[in-house]
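First the structure, in the form of structure tokens, and then the observations on it.
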Amino acid sequence: MKLAELASTIRSKNAGVDHITFDVIFSDRAAYERAVASGALSRESVAALYGVDVSRVVSFVTYDPGNAIKFTLRRNRSAASPGEPDPFGSQSYPPLFDIEIT
Amino acid sequence: MALKLMSPTGHLGFTPIERGSFEAGLADHPDAIIADSGSADIGPHPLGADEAHSPLEWQRHDLELCLLGARELGVPLIIGSASDTGTDRGVDSFLRLFEQIARARGLAGFTMAAIRSEVAATALADHLAAGRVLEGLNGREPATAEVLARTDRAVAVMGIEPIRAALEAGADVVVCGRSCDSAIFAAFAELRGLPRHTAVLAGKLLECASFCAEPFMGKETVIGEVDADGVTVYPLHPGQRCTPASLASHAMYERIDPYAETIPGGTLDMTALRFDRVDERRTRVSGAVWRPDDAYRVKIEGAGKVGERAVAIMGIRDPHSLSRLDDVLGWSRMKLAERYGTAADVGYEVFFHVYGRDGVMGYLEPNPTVSEHEVGIVVEAVAPTAEVAEEVCALASRNLFYARLPDTMGTAGGAAFFSDEVFRGRPAYEWTLNHLLTLDEPGEPPDRAAGLFRRELRTVGAREGVTP
């Protein structure tokens with residue numbers, strides 16, 4: 001099953017001026033636990049997906065109160081610097097849709 | 001007895017507050033109206049250039065609603081991060097708007113406090129010289145004299161103490177410079193005797209107004225009922241609900257660590273947070289723990305100018321050119337280097353934002369290929385002067401037109417202009433400072449520490465022009 005079919009919200013947004021944070025939120029505990037247990041989302045897998053060094057994934061957490069998986073990438077330059085894309089970081093999530101959850 | 005905090009907007013002035021739920025909020029008799037006006041999402045330009053990002057008329061609209069509502073109910077009004085950036089210009093602008101509104105509406109006299117928190121880069125350099133460290137946040141290096149020299153404008157982000165002190169001094173209206181979103185709510189809750197863990201929790205939950213409710217709506221009012229153990233949050237728009245899921249989702253929004261909210265003086269630990277549904281539209285949140293810091297650390301935000309900016313818009317439709325797009329862009333870069341030297345030589349930068357390939361996500365795009373029949377290219381040039389930026393931008397965009405590709409069918413221009421002109425963009429800025437300054441003035445209350453937060457009280461609307 002693809003992540004977009006299992007999750008209820010998949011979003012990205014600035015977290016401070018140097019980072020984009022990604023939230024994958026599930027509507028129920030079972031879906032959340034299934035996604036976590038699958039290991040499909042990890043520091044390594046999201047670094048590979050976005051083509052950045054794993055050291056740029058500054059945080060990867062499971063958030064039980066929100067049934068959510070959350071990770072944060074460091075930008076090349078601070079948000080809204082010249083050349084730096086997507087000043088709000090709000091359109092960087094769609095590549096997550098097709099991650100296969102087994 | 002619970003305290004009711006009313007939050008009408010997550011960014012005052014950005015788009016106007018919705019009146020319906022605002023008035024429903026007033027009818028619910030809140031104990032204070034509290035609204036943040038700041039954001040870092042707007043980028044470093046408004047801070048660095050010291051300009052408002054929101055239209056003055058929308059700021060006036062929101063401030064008028066809030067002021068009339070608060071004065072009618074006789075409750076405090078607290079505005080955080082005045083005019084988007086919280087610089088002294090922002091504070092002064094909001095003071096002026098409040099005075100104009102009070103005069104136009106003939107409001108009875110009230111006390112207004114201003115708390116200014118702009119800090120000169122030279123003053124920060126003095127801190128460095130005095131042996132203090134400007135510690136980098138989230139992986140940044142400590143600030144150096146060189147970084148401070150590149151900083152045009154900076155603000156210190158205030159916590160609870162200066163705001164609470166202004167309320168204790170008798171302010172009915174408080175206009176804050178740059179401030180922690182959660183602190184503007186927590187300051188009032190603490191003033192009324194609530195413990196810090198629920199005071200800050202209330203601020204964290206309420207700071208973005210209707211973003212903590214579902215379905216998604218902006219600029220609608222929410223209210224938090226705060227007591228010593230927790231916060232019960234509900235929306236005032238009839239179509240919204242505050243559910244455990246919507247509040248938990250908001251608690252993790254636009255932050256790296258969903259379990260911690262750090263403000264000067266400590267961190268709110270949200271690891272053991274509980275979200276309990278009260279009814280269809282209300283949810284109670286509890287279980288936050290306050291962890292005091294060993295020192296009073298204040299965040300400093302700073303922005304500095306990188307250069308002047310010019311922009312042109314181009315499009316390419318020829319499939320042959322699209323299949324060799326890097327060669328097209330390469331031709332343009334080659335012509336730039338031929339005329340001006342490399343970017344490093346003369347200090348210009350050119351960026352090709354190729355919409356239809358990777359214009360949205362840039363270097364994060366996993367699939368930077370062209371899969372449709374055309375692309376749009378935004379050519380962005382940054383240079384030390386506007387004239388050079390425009391010239392560089394014109395040469396870069398016209399050389400997409402003149403790019404030489406073997407075997408091309410079209411020999412009358414390899415790209416289409418949106419319009420053969422160069423638009424002057426706002427100057428380019430960057431966030432130079434996102435750092436923590438540790439204040440350790442012995443015996444000095446933190447609200448005055450190092451002179452970062454400067455309070456002024458004035459009386460407004462005292463029947464000016466009325467003869468006794």
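The values are calculated or read from the model by the stated rules, or taken from the named source; none is laboratory data. Everything numeric here is computed off the predicted structure, so don't read it as measured data. So basically every Cβ, Gly included, is an ideal-geometry build from the backbone, and we count neighbours across all protein chains shown.
Every residue, every condition in (1) out of contact with any helix residue (DSSP H, G or I) (no Cβ under 9 Å at 6 or more places or on another chain); (2) part of a strand (DSSP E or B); (3) over 19 Å from B:Ile163 (Cα atoms), yes or no:
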position: B:Leu194; (1), (2), (3): no, no, no
position: B:His197; (1), (2), (3): yes, no, no
position: B:Phe216; (1), (2), (3): no, no, yes
position: B:Ile223; (1), (2), (3): no, yes, yes
position: B:Gly239; (1), (2), (3): yes, no, yes
position: B:Ser246; (1), (2), (3): no, no, yes
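Being facing chain B (nearest Cβ under 10 Å) and either touching a Leu at 6+ places or on another chain (Cβ under 7 Å) or at pLDDT 95 or above (or both) narrows it down to one of A:Val58, A:Val24, A:Val54, A:Val46, so name that one.
Working: A:Val24 fails: facing chain B (nearest Cβ under 10 Å); A:Val54 fails: facing chain B (nearest Cβ under 10 Å); A:Val46 fails: facing chain B (nearest Cβ under 10 Å).
After applying the criteria, what remains is A:Val58.
To keep it simple, each residue is scored yes or no on (1) under 25 Å from A:Gly89 (Cβ atoms); (2) of a type in the set (A, V, I, L, M); (3) out of contact with any Leu (no Cβ under 9 Å at 6 or more places or on another chain).
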{"position": "B:His197", "(1), (2), (3)": "no, no, no"}
{"position": "B:Leu206", "(1), (2), (3)": "yes, yes, no"}
{"position": "B:Gly218", "(1), (2), (3)": "yes, no, yes"}
{"position": "B:Ala260", "(1), (2), (3)": "yes, yes, no"}
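I'd like the full set of residues that are closer than 18 Å to B:Met314 by Cβ, within 13 Å of chain A (Cβ to nearest Cβ) and not in a helix (DSSP H, G or I), limited to segment B:369-406.
Of everything in segment B:369-406, those that are closer than 18 Å to B:Met314 by Cβ, within 13 Å of chain A (Cβ to nearest Cβ) and not in a helix (DSSP H, G or I) turn out to be B:Val378, B:Val379, B:Glu380, B:Ala381, B:Val382.
Select from segment B:48-86 the residues that are of a type in the set (Ser, Thr, Tyr) and over 21 Å from B:Ala165 (Cβ atoms) and write down the one among them that is nearest to the chain's Cα centre (by Cα). Before you say what the answer is, go through the steps one by one.
Just the residues of segment B:48-86 that are of a type in the set (Ser, Thr, Tyr), to begin with: B:54, B:81, B:83, B:85.
Filter once more, so that each one left must be over 21 Å from B:Ala165 (Cβ atoms): B:54, B:83, B:85.
On the way: B:Ser54: 11, B:Ser83: 10, B:Thr85: 7 Å.
Looking at residues that are of a type in the set (Ser, Thr, Tyr) and over 21 Å from B:Ala165 (Cβ atoms), I get B:Thr85.
Here is a check on your reading of the model: is B:Asp62 at pLDDT below 95 and either outside any strand (DSSP E or B) or not assigned by TED's automatic domain parsing to the domain that holds B:Ala189 (or both)? Show your work before the answer.
Numbers: at pLDDT below 95: no; either outside any strand (DSSP E or B) or not assigned by TED's automatic domain parsing to the domain that holds B:Ala189 (or both): yes.
So B:Asp62 fails the test.
Is there any pair with a first residue in segment B:115-139 that is within 14 Å of chain A (Cβ to nearest Cβ) and a second that is surrounded by fewer than 19 Cβ atoms within 10 Å (Cβ to Cβ) and at pLDDT 95 or above whose Cβ atoms are under 6 Å apart and which are 6 or more apart or on different chains, and what are they?
If the second residue must be surrounded by fewer than 19 Cβ atoms within 10 Å (Cβ to Cβ) and at pLDDT 95 or above, the pairs left are B:Gly136/B:Pro142.
Just a yes or no: is a residue in segment B:332-352 part of a loop (DSSP other than H, G, I, E, B), touching a helix residue (DSSP H, G or I) at 6+ places or on another chain (Cβ under 9 Å), within 14 Å of chain A (Cβ to nearest Cβ) and crowded, with 16+ Cβ neighbours inside 10 Å?
Within segment B:332-352, one or more residues are part of a loop (DSSP other than H, G, I, E, B), touching a helix residue (DSSP H, G or I) at 6+ places or on another chain (Cβ under 9 Å), within 14 Å of chain A (Cβ to nearest Cβ) and crowded, with 16+ Cβ neighbours inside 10 Å.
Quick one: in segment B:264-308, which of the residues that are over 22 Å from the mean Cα position of the chain (by Cα), within 14 Å of chain A (Cβ to nearest Cβ) and of a type in the set (D, E, K, R) is nearest to B:Leu205 (Cα to Cα)?
B:Arg284
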